Amino acid sequence: MSLLGGIRPPIAVLSALLLSLAAVTALVLGPAGDTRLPGAVRTSQQHFAEDGAIALRASIDESVTDLERSAGLFSAGAPVSGDAVLDKLGNTYQKWMGTAVIEIRSGKLVAARGETVPLTSLDRSELGAEGGLAPRMVRLENGEVRLLSFALLSWPGRPQLLLVASNSLKFPGISLGQFRAIAVVDRAGTILSSDGIPEPEQVLTDLQRKEVAASNKQLRAFAKKAAGQAGRKPLTTKEPGSGGYLGISGSLLGGTWLSDRSVAGYATLSSPQPGEATTATALGLTVVAMVKVAEDPTHTTSPVFGLVAAGALLLIGGIAVAVLLGTVQRPLIRLFLESRRLTRGDLARPVTVPGYGEAHRIGTALERLRRRLLGEPGRDDGPVPAPRGARRIGTRGLLAVSALLLLAWSAPLLLILNRADATVVVPQQLVNDQRERTDTLTDRVRRALNEGEADLQSVASLIGDRTTPADMTEVLDRTLNQHLRYQSLYVVDAAGRVVTRVGGAPHAARTKPATADPIELLGRGGTKPLIVGTAEIPGRDGSALVGEFRIDFLNSMLKRPGLGVVRVVDDHGKVVAGNTGYLAFQSLPSDRLKDLVLAAGQRVGKSAHPAGVLYRENGVQIAGAAPFVGGGPAKELGWTVVSWQPANRLAIPEYDVQHRTVLAGLLGAAAAATCLGWMHIVVARPLRALAEQAEALADGDRKTVLFPRNHDEVGAVTRSLELIRQQLQAQRGPQPTGRRGVPDTASQQQVRN
């Protein structure tokens, strides 16, 4: 018999699959578990740390790029004083805590702005070495850490100057909410900067001071663990299929304080593209975000359902396998034995005829053929009446009965049992995280637009009134290559004529460009939003530098795992950008999201605040919205970032049980479909065709040769019928060799082959 053919393999595989599925059901749905802290809370903290790492990496890289680009623009023009350099930097960018210009050869301080830059830690002799101008971290006497960035100012015939900018490792625009702390950690696990935990002198009671001390201790412990994970490969720190963040990230579970559990997420600074390295990623920093979450001590799962479901599967599966063994396998094997007995010449005993379907028809035909071989008169010539009643049930019907038995177990798991309704418990922390992460993303978008406008102002201020179009093209081309946020850059005079351009074709060239708003949204009513930044060029009579932002640049910033669908809407509630497919300037998909945007835009106190909502109508959904607040020209756009996601995609215990129940039902249905379909192909269909051939042979068809198509029980019965056909032919006329009624050896060997 073939290893994969016949009746035995599919029944054996079905039995093994059902036993395995029963064990999996008991293990997955059965054990009682501690679900006081849902897995979605831990995953959310991991995503929060990833957001912080992205924001910090972008801030450091952007700061270094702006400093180097500005120094390059200054060096390309006429020599200016150190004070003029720092004044222009201060007017254009407000991102550095302190700046200074020193003469490299003598170490003389030429100019300084802001807080004192720690120049004593700078070794000028190492500046010329490879990587000598790379940013470095310096710890001050008060324990704070500063990140120093460097750029060269070079003019022919003048001493070379070093432009130094000092900045802290604070997070730009991270919305922490309540009870959350965030820290930057180095490779050794030392906390370089932190935020969110008050100082002991800022609290009033002894209990609050103890809580602050416990929080600091827990944050230090998390920092050590996160630093230990930073050296691993990113794929080893993530669950299979999680994807998303390119760096190393994960979550940590800490101790409790007054029934609140400390949970942390960590993420290393990672480049936006795989395989690339940036200035920030070379610093070896890790972001740790910690929050305290209230646990529900009464929320646990029961083992009863899993055990009952596994027991029911064993019972139903046992009945289905017994049906297949008793009504399909045994009759077919009996036919095989009976047919082989007839070919050996044992004709004295009548054929044992099975009771149902095709096996009954084949058994009846074998009995008629046995009588033919004995030479009995043909009193049973003619067609035999079809079986009636239960005997009409064929192999396909028996397979259908087994399928119905197995579906009786799978269908309730797929459609009915363990369904989480609108009353499912969604932790408030998830709603808070949706709101705060949306607010953080809003700040990233606003800062990116402000940075783009600041770049335009910086380039425009350095072009001046004597720069030729060729020189302007060179400056614009360099700016376009350094910043991927623009799709085109061009200079327009007061009449709207394009003087020079790089990148794509201009779309917003117009008269009096210098009077336009710094950042505008154009293209309403069209198919693609057009975001335009404008900066007046001093001394050129109303000329301006115009930069058109790539909409894909905004869309790429919105792609954050764990936030669901994200949209940026303008002041009229129309969609401008999104992390998934959308139509430009379309409305939000539901009225409740529109109301959420309006509610978030209402001022509470001096400004508007982000909002987070849990909807329970038409499916449980978490949503958050945050308007543009803060400084910069992008605030005047009046945009809002809104995000939403269904709660059933989160690792909440009720949904986890529902998903596992559905999975068990799917596995049961798949096992039934696979094995019963296998049996239908290798047994039911060939057996039905064999029944027709056997009845035709019994009715007198001696000319049709029966060829076995498979090396299994059905094929063996077919070979036996062919031998019987040859014996019946031998009874009609003389044979060259052999006895009457028995085929010669050569013919028999040919049939076997």
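For the chain, what is the accessible area per residue in Å², given a 1.4 Å probe and the full set of protein chains?
Values: 35660 Å² over 753 residues.
Per residue, the chain has 47 Å² of solvent-accessible surface.
Would you mind getting me the FRET efficiency between L207 and L307? Use the beta-carbon distance for r and R0 = 56 Å, nearest 0.05.
Working: r = 45 Å, r/R0 = 0.81.
My answer for the efficiency is 0.80.
Past 26 Å, Cα to Cα, is the threshold; run K594/K635; K217/K606; K512/K606; K217/K559 against it and keep the listed order.
Details: K594/K635 20 Å; K217/K606 36 Å; K512/K606 34 Å; K217/K559 34 Å.
Correct reply: K217/K606; K512/K606; K217/K559.
What is the angle, in °, between the Cα long axis of helix 206-229 and the longest principal axis of the Cα atoms in the chain? Nearest 10 is fine, range 0 to 90.
It works out to around 70 degrees.
Between A111, V575, I248, whose Cα lies farthest towards the positive end of the dipole of the chain when Lys and Arg beta carbons carry +1 and Asp and Glu beta carbons carry -1, centred on the Cα centre?
With unit charges placed on the Cβ atoms, the residue in question is I248.
Can you tell me the orientation of helix 330-343 relative to the chain, as the angle in degrees between its alpha-carbon axis and the longest Cα principal axis, to the nearest 10?
40 degrees
Just add up the charged neighbours of P159: K/R +1, D/E -1, any other residue whose Cβ is under 12 Å from the Cβ of P159.
Working: positive: R105, K108, R158; negative: E103.
It works out to a net charge of +2.
When a/c reaches 1.5 or more, the comparison of a/b and b/c decides; with that in mind, is the range 447-496 rounded, prolate or oblate per its Cα gyration tensor? All intermediate terms of the calculation are to be shown ahead of the outcome.
Numbers: a/c = 1.76, a/b = 1.51, b/c = 1.16.
Taking the square roots of the gyration eigenvalues as a ≥ b ≥ c, the range 447-496 is prolate.
If r is the Cβ-Cβ distance from R478 to K217 and R0 is 45 Å, what FRET efficiency results, to the nearest 0.05?
After rounding to 0.05, the efficiency reads 0.35.
What whole number of Å gives the distance from the Cα centroid of the range 397-436 to the Cα centroid of the range 545-584?
34 Å
Taking a spot 7 Å from the Cα of R124 along the direction of its beta carbon, which residues of the range 75-116 have an amide N less than 12 Å from it?
It comes to 102-110, nothing else.
Which distance in nm do the two modelled labels at S556 and L258 give, with both placed 7 Å along the Cα-to-Cβ direction?
So the two model labels end up 4.6 nm from each other.
Using a Cα-Cα cut-off of under 16 Å, which aspartates and glutamates could be cross-linked to K528, ignoring same-chain neighbours fewer than 8 residues away?
E520, E548, D552, D570
Treating only the Cβ of Lys, Arg, Asp and Glu as charged (+1, +1, -1, -1), what charge dipole size does the range 1-118 show about its Cα centre? Round to the nearest 20 debye. Don't jump to the answer; show the numbers that get you there.
Working: 10 positive and 11 negative charges, 78 e Å.
That gives the range 1-118 a dipole magnitude of about 380 debye.
What is the Cα centroid distance between the range 502-529 and the range 144-205, reported in whole angstrom?
37 Å
Using amide H atoms built in the peptide plane, which far-off residues or other-chain residues are under 5 Å from N579 H to H?
V566
Under unit Cβ charges (Lys, Arg +1; Asp, Glu -1), what dipole magnitude, rounded to 20 debye, does the range 71-145 have relative to its Cα centre? Don't jump to the answer; show the numbers that get you there.
On the way: 8 positive and 9 negative charges, 27 e Å.
Magnitude of the dipole: close to 120 debye.
Using +1 on the beta carbon of Lys and Arg, -1 on that of Asp and Glu, and nothing else charged, what's the dipole of the chain about the Cα centre, debye to 20?
Numbers: 85 positive and 69 negative charges, 807 e Å.
For this selection, approximately 3880 debye.
For the chain, what % of the accessible area comes from carbon and sulfur atoms, probe 1.4 Å?
On the way: 19290 of 35660 Å².
The computed percentage sits at 54.
Please work out the C-alpha center-to-center distance from the range 610-639 to the range 454-478 and express it in whole Å.
The range 610-639 and the range 454-478 have Cα centres separated by 37 Å.
For L27 and R603, calculate 0.36 nm times their separation in residues minus their Cα-Cα distance, and state this gained length in nm to one decimal.
Details: separation 576, 0.36 × 576 = 207.36 nm, distance 5.22 nm.
Length difference between fully extended and current span is 202.1 nm.
On full extension of the chain, what length is gained from T116 through A509, given 0.36 nm per residue of separation minus the C-alpha to C-alpha distance?
137.1 nm
Under 18 Å between alpha carbons, and skipping anything fewer than 8 positions from K88 in its own chain: which aspartates and glutamates qualify?
Leaving aside aspartates and glutamates fewer than 8 places away in the same chain, those within reach of K88 are E62, D66, E68, E115, E451, E453, D455, D465, E536.
Please give me the summed charge of the neighbours of R685: other residues whose Cβ is under 12 Å from its Cβ, Lys and Arg +1, Asp and Glu -1.
On the way: positive: R396, R688, R709; negative: E358, E692.
Spelling it out: positives minus negatives among the neighbours equals +1.
Picking from Q45, G77, A26, whose Cα lies most toward the positive end of the charge dipole for the range 22-84 (charges on Cβ: Lys, Arg +1; Asp, Glu -1)?
A26
If I compute Cα Rg over 2.2 N^0.38 Å from the structure I just sent, which labelled value in (i) 1.46; (ii) 1.05; (iii) 1.34 lines up?
For Cα Rg over 2.2 N^0.38 Å, the calculated option is (i).
Between helix 82-92 and the chain, what is the angle of the helix's C-alpha long axis to the longest principal axis, kept within 0 to 90° and rounded to the nearest 10?
Approximately 50 degrees, to the nearest 10.
Which whole-number percentage describes the relative contact order of the range 407-505, with Cα contacts under 8 Å and a sequence gap of 6 or more? List each step's numbers first, then the result.
Working: 44 pairs, mean separation 15.8, N = 99.
Relative CO of the range 407-505 lands at 16 percent.
Tell me the net charge near R8. Cut-off is 10 Å between Cβ atoms, R8 excluded, with +1 for each Lys or Arg and -1 for each Asp or Glu. Can you show the working numbers first?
Working: positive: none; negative: D712, E713.
In short, -2.
The values are calculated or read from the model by the stated rules, or taken from the named source; none is laboratory data. No experiment lies behind these values; they were computed from the predicted model shown. Every residue, glycine as well, gets a Cβ built from its backbone with ideal geometry; the counts of neighbours run over all protein chains shown. SASA here: full protein model, heavy atoms, side chains in, ligands and nucleic acids out. Shrake-Rupley method; radii C 1.70, N 1.55, O 1.52, S 1.80 Å.
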